[in-house]
1. Which of PHE280, LEU262, PRO222 sits closest to the plus end of the dipole of the chain, meaning its Cα is farthest towards the positive end, when Lys and Arg get +1 and Asp and Glu get -1 on the C-beta?
2. Could you tell me what a quarter of the Cα convex hull surface of the stretch 189-293 works out to, in nm² with one decimal place?
3. What residue among SER112, LEU88, VAL42 has its Cα farthest toward the positive end of the dipole of the chain, where the charges are +1 on Lys, Arg and -1 on Asp, Glu, each on the Cβ?
4. Could you tell me whether the stretch 127-205 comes out rounded, prolate or oblate from its Cα gyration tensor? Rule is a ≥ b ≥ c as square roots of the eigenvalues, rounded for a/c under 1.5, then prolate if a/b exceeds b/c, otherwise oblate.
5. Could you please report the charge total around GLU256, scoring K, R as +1 and D, E as -1 over all other residues with beta-carbon less than 10 angstrom from its beta-carbon?
6. Using 0.36 nm per residue, how much length does the chain from VAL171 to THR31 gain when fully extended, once their Cα-Cα distance is taken away?
7. THR300 to LYS288: extension gain in nm, 0.36 nm per residue of separation minus the Cα-Cα distance?
8. For each of THR97, THR92, THR113, count neighbouring Cβ atoms within 10 Å of the residue's Cβ, then give the residues from fewest to most.
Amino acid sequence: MKTALLALVLFTPVTLFQSQTGTVTGHLRSTDGTVAAPGVRVVAVLVPDSSRAEGTDTIVAFSETDASGAYRLENLSPGRYYIRAGLLDLPTYYVGTTIPSEARVVTVAPGSTQSGIDFQLMRAAGVKLSGRVILDPKQKPSAALRRVSLARGAPFVDEVPVNDDGTFEFVRVAPGSYSVVIRGAAAVTRIQVGQKDVIGIELKVPLRYEVTARMVVEPNSPLPVRPVGVFFERSDRQGTQAQFLNDLPITLLFLEGTFQSLPNDVPPGYAVTSVMRGSFDLMKDRLKIPSDETSEIVVTVRAER
């Protein structure tokens, strides 16, 4: 008798709790709807009300689809929920949209089970761009050639690493006109993006020469908290942009030619006083690349009082 009473005391709170909550179950299928989508994260998100602004996600339960694409979200308090799955930055909402306000709302009542909440993953918006970086046979690989940027007009919209075999890939690129760029390497390809993936992009990098550069500050001047920008301009207005944030050396890539330096994007309260390579002050003199001068470029900065 005591054992039965103890069991009643132990399990009644759990039973009461479960009777006040609900469950949502369903299946998730692939982007083309033909096969199950296993191992995909599925979450229940409270529908915003007057106390929660739209776009403020409150995730109250999560699950992962099994081998058959099935999921189960349990212990949901009574309320209205969005059910979403897939990528955190671009999820698919039930019944198949990437826009929360267009999703179907699932209402959970105490002790209820909402089954058959099935939907299909949407393909991420945009297309893929892929290609390869092609170096001059005499060009040594360097860190400066390991990143490819995507630009739309003046601003850069994305940047990806270059793999060991020279390949790169952008995903979820919206339609429009773009430039695929290795910054400071005079490697630019312009492309038009539509509704289909763009493959086989070639970024040909002309032979460039590596030069080490570093920034120093004058005595009693603190290091800037923002990068110091210096542009090294060739006679045809092409050049190399450098960003210095600390006193660690960086590697710059120069095309063949003669260069002067033009400080730009210098933080307020600071000034570039000299840009030296050996005895050459590149703020006044022109330096030939390549040259017999092999010392590093030293950019000196002063905090203005």
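The numbers here are math on the coordinates, done by the rules we state, and not lab data. On a predicted model such as this, the values are computed, not experimentally measured, just so you know. Because the Cβ atoms are built from the backbone with ideal geometry, glycine has one as well, and the counts that use them run over all protein chains shown.
1. LEU262
2. 9.6 nm²
3. SER112
4. prolate
5. +3
6. 48.8 nm
7. That pair, THR300 and LYS288, stretches by 2.2 nm at full extension.
8. Fewest to most other Cβ atoms nearby, the residues stand as THR113, THR97, THR92.
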